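Structure first, commentary second.
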Amino acid sequence: MVNIYDTANQLERELRETSQYNELKEAHAEVLADEDAASILNEFQSLQQALHQKQHSGEEITEEEAQEAQVLPIKMNANELTKKLMDKEQALNTLLTEVNSIIMKPVQEIYEQ
């Protein structure tokens, strides 16, 4: 009998060996080593978390939060290190999307019949 969890754990180990993962890890370390970049990232993550919590609890997002949500990505793109981090996140996300598509193929086939 196949143990799909063994396969998933193997996939997790192999993910750690991909260039996409390692480049993201390096970019994250570079951001944390730079005070300005780390501050921007921290600000971005804090806002994301606050907005997610509000959305989850059904609270309204304030006009100030909405404006901040528009300004922070611009701020991140303006900083070389946080922009690099976002680019590396996107590359890893593309890989994960492709892997997920492969994993979900049997389910898709059920509905295509």
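The values are calculated or read from the model by the stated rules, or taken from the named source; none is laboratory data. It should be emphasised that the depicted structure is a prediction, and the values quoted were computed from it without experimental measurement. Cβ sites come from the backbone with ideal geometry, for glycine too, and all protein chains shown count toward neighbours. Side chains included, ligands, DNA and RNA excluded: accessible areas come from the protein's heavy atoms. Shrake-Rupley method; radii C 1.70, N 1.55, O 1.52, S 1.80 Å.
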Note to self: If you average the C-alpha positions of segment 95-109 and of segment 14-32 separately, how far apart do those two centres end up, in angstrom?
What the structure shows: 23
Notebook entry, point to check: When all C-alpha to C-alpha distances in the chain are sorted into bins of 10 Å, what percent of pairs does each bin hold, rounded to whole numbers?
Noted result: 12, 28, 28, 23, 8, 0
Next item on the list: Using a 10 Å cut-off on Cβ atoms, rank the peptides 67-80, 22-35, 3-16 from the highest mean neighbour count down.
Entry: 22-35, 67-80, 3-16
Notebook entry, point to check: Radius of gyration and Dmax for segment 54-109's Cα atoms, expressed in Å?
Noted result: 17.0, 46
Check: Which peptide among 100-106, 85-91 comes first, and what is the full order, when sorted by highest mean count of other Cβ atoms within 10 Å?
Finding: 85-91, 100-106
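Carbon-plus-sulfur fraction of the accessible area of segment 1-108, 1.4 Å probe, in percent? If you can, show how the numbers build up before the last one.
On the way: 4320 of 8240 Å².
Carbon and sulfur together cover 52 percent of it.
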Checklist line | Surface per residue (accessible, 1.4 Å probe) for the chain, Å² | finding: 79
